[in-house]
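Structure first, then comments.
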Number of protein chains: 2
Amino acid sequence: MAPASTRPTSRDVAQAAGVSQAAVSLVLGDKWRGRVSATTAERVREAARDLGYRPNLAARNLRLGRTRTVLLVVPVLTTEFFAGVYTGAARVAAEHGFGVVLYPSPEGIGPARDPFASAQAALDGVIASSMAADALTAIRGDQLPLVMLDSDPEGSLGAATVNLDIADGVRQVAEHLLGLGHRDFLHLAADVPSWTFEVRARELAARVGSVAGTSVRTTRAPISIEGAQAAAEAALADPGSRVTALVCDDDKLAAGAYKAARRLGLRIPDDLSITGLDDLALATAIDPELTTVRLDAELFGEHGMRALLAVLDGRVPEEGDIPVELVVRGSTGPPGAA
Amino acid sequence: MAPASTRPTSRDVAQAAGVSQAAVSLVLGDKWRGRVSATTAERVREAARDLGYRPNLAARNLRLGRTRTVLLVVPVLTTEFFAGVYTGAARVAAEHGFGVVLYPSPEGIGPARDPFASAQAALDGVIASSMAADALTAIRGDQLPLVMLDSDPEGSLGAATVNLDIADGVRQVAEHLLGLGHRDFLHLAADVPSWTFEVRARELAARVGSVAGTSVRTTRAPISIEGAQAAAEAALADPGSRVTALVCDDDKLAAGAYKAARRLGLRIPDDLSITGLDDLALATAIDPELTTVRLDAELFGEHGMRALLAVLDGRVPEEGDIPVELVVRGSTGPPGAA
DNA sequence: CGCATGAGGTTTTACGTATAACGTCCTCTG
DNA sequence: CAGAGGACGTTATACGTAAAACCTCATGCG
């Protein structure tokens, strides 16, 4: 018996089954029909099972020149949202025999950091979200098939893009609030330079601006509950403020806004209506429950992976943004309901 | 010029620099001192840079017989906690030239699912959290070095374990509540068979039970806000209930308990003190802010990875649980403060 | 002078797999 | 009954890398 420390190879299986290594490869690769008899094939499979044989992926990858592994680049993983994106992408990948490796960029990727240094596996393609342009060009230089998530279709260096229909979500929020009678808006915006946030600002301004007698102020905050609380408190404390509707770039910012409102003695939604965007677990944990736009993160990841598979396959990925849905809960109501 | 579609190999670099492939390997592998002149080495590096050479990982892995890639098995990724574990593990891994591949087991791993099917990369080792025993033995059968997170040190088939000091956290919670004067406890327990939850129940019973005149009831719920709300509401609605302190197995359950309390008209903490465990973003988003036990997920991941690196290195991983910390906030106070 | 030593390389090999190219028989058909 | 082809394999090769083994000069030293 060979030393237990070294794993059996296809040659070991061949020897055990009394055939050549090539036959083992044919049988286990399911390419044996017409080449190997059914009884021999069964003998090979049995030997493989007995020995606990597992193909050496490194050797296979080398031989085939592909790895069936893709890289997913996300800003930070420690959020429900991107964890969901990963889960969706990984599920579709697994269905097609692919694996997904993560590259969570801690502080945005700069030229000094190499997205591939941490990806030990060789890669067949890349799905990237919200990346700095320099890292993007570094990837392009590698000639790897690339799909961009939530980024400007115009400025993506020709890469395929898969986007959530954020603009439509903001449109729904604006119309919901306008319909309730709100006229004075505050936009609590994420302090992050990313196309997905630019879209929010642009669409909100366009929708609200199309109605006479309205106003939209903007204040920026880092994406954290504390940061949002501070920014919202400062903006709302302004004595001249007549704001009745606070539109937040995401749910975390909205959670911060809740605390700001509480400290200022503003009741939600009587004195101030608040909306979020994401629909995290957070949204139903706070009181009142948050009116927000549901983004299906897993679906987003699934679409991203499907698009990449299409590119790898030489096909053209489907066009079209992923629909989002306004979920109305208790944090919005008519202004001045007191 | 070679077709742009095929990436340059070390042989291409060698040709460009006018040396042999071996020389390229020596220089780029930083093993050239005393074997190649400094000027030649520089010439090789320049050629590599010009061609945009990147070593083929599959070939390297095959040659070296190791991949510097480990698998992290987590119950679900879509939670702050396990996303944090990944982030910590990946950081330490990167520092040592390792990569981390994820295996998120959707519904607990059964024998039908193969933890390795989705891991395209060949693996050097495994870090596993809260796994079903059958998958565990499957992994053991592969002879891969294994580190278990938060699992029974006695029943881990001889694998190294890295644990958070959950018992101490529960102890701190119990003493905090006992010190405030609480005597009637309800334990809102996670409906998941896992060692880490068993520890909570055992320790709570031991601590509270050591004081005369106390009682602990238990009710179980799935780990979701809705499930927790339903279970807590049912348990608290019992007219004979004199419960003043509700100890939850994690923050998400606590968030559900908040909603149950609200619906029953119980004020927090005046009528009911509530504690959680995790210290997610959720904990400071709800009102009042949640008294909970802070688990440092990233640190947990770091320790797990360090332990695995030690095993891979033939060393013995450090012993000792990772300390946790009670964070007292507004959700706990003396009983009957009304 | 004779030979060890070391600098500066090159040639060769192995890692484990997938598959193209190549052999045997044996049977069927015209 | 010749030979075409199918059934059932085997042999040989390449993927790109790391590193062991080897080679060739100078130079130094006794």
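The values are calculated or read from the model by the stated rules, or taken from the named source; none is laboratory data. Computed from a prediction, not measured in an experiment: that's the story for all the values here. Note: ideal-geometry Cβ built from the backbone for every residue, glycine included; neighbour counts use all protein chains shown. In case anyone asks, the SASA skips ligands and DNA or RNA and just uses the protein heavy atoms, side chains included. Shrake-Rupley method; radii C 1.70, N 1.55, O 1.52, S 1.80 Å.
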Problem set entry | Residues (within 12 Å of DNA strand C (Cβ to nearest atom) and open to solvent by 80 Å² or more (accessible area, probe 1.4 Å)) located in region A:32-47 | A:34, A:35
Exercise. Quick one: what pairs do we get from region A:178-196, first residue more than 17 Å from residue A:229 (Cβ to Cβ), second among the basic types (Lys, Arg) and open to solvent by less than 10 Å² (accessible area, probe 1.4 Å), C-beta under 7 Å, 6+ apart or different chains?
Worked result: none
Exercise. In region B:1-10, what residues are near DNA strand D (Cβ under 9 Å from one of its atoms) and open to solvent by 70 Å² or more (accessible area, probe 1.4 Å)?
Worked result: B:6, B:7
Exercise. Residue B:104 passes all but one of (1) under 17 Å from the mean Cα position of the chain (by Cα); (2) modelled with pLDDT of 85 or more; (3) facing chain A (nearest Cβ under 10 Å); which number fails?
Worked result: (2)
Exercise. When region B:48-86 is examined, which residues are found to be within 14 Å of DNA strand C (Cβ to nearest atom) and not hydrophobic (A, V, I, L, M, F, W, C)?
Worked result: B:55, B:56, B:60, B:61, B:63, B:65, B:66, B:67
Exercise. Any residue in region B:12-30 that is within 16 Å of DNA strand C (Cβ to nearest atom), in contact with a helix residue (DSSP H, G or I) (Cβ under 9 Å, 6 or more places away or on another chain) and in contact (Cβ under 8 Å) with a residue 40 or more places away in the chain?
Worked result: yes
For this session: Select from region B:11-27 the residues that are of a type in the set (Gly, Ala, Ser) and more than 8 Å from DNA strand D (Cβ to nearest atom) and write down the one among them that is farthest from the other protein chains (Cβ to nearest Cβ).
Result: B:18
For this session: Kindly indicate whether any position in region B:28-48 is near DNA strand D (Cβ under 10 Å from one of its atoms), within 14 Å of chain A (Cβ to nearest Cβ) and among the basic types (Lys, Arg).
Result: no
Exercise. Which residues, taken from region A:67-89, are at the interface with another protein chain (Cβ under 9 Å from one of its Cβ atoms) and under 22 Å from residue B:66 (Cβ atoms)?
Worked result: A:67, A:68, A:69
Exercise. Of the conditions (1) more than 29 Å from residue A:309 (Cβ to Cβ); (2) within 9 Å of DNA strand D (Cβ to nearest atom), residue A:62 fails just one. Which one is it?
Worked result: (1)
Exercise. Looking at (1) crowded, with 18+ Cβ neighbours inside 10 Å; (2) at pLDDT 90 or above; (3) hydroxyl-bearing (Ser, Thr, Tyr), which is the only condition residue B:79 fails?
Worked result: (2)
Problem set entry | Flag for residue A:67 being among the polar types (S, T, N, Q), surrounded by 14 or more Cβ atoms within 10 Å (Cβ to Cβ) and not in a helix (DSSP H, G or I) | yes
For this session: Count, please, the residues in region A:91-101 that happen to be of a type in the set (Gly, Ala, Ser), more than 7 Å from chain B (Cβ to nearest Cβ) and assigned to a helix (DSSP H, G or I).
Result: 1
Problem set entry | Complete set of residues in region A:261-272 that are in contact with a Pro (Cβ under 7 Å, 6 or more places away or on another chain) and outside any loop (DSSP other than H, G, I, E, B) | none
Problem set entry | region A:253-286, residues that are within 10 Å of chain B (Cβ to nearest Cβ) and free of Cβ contacts under 8 Å to residues at least 24 places away in the same chain | A:262, A:285
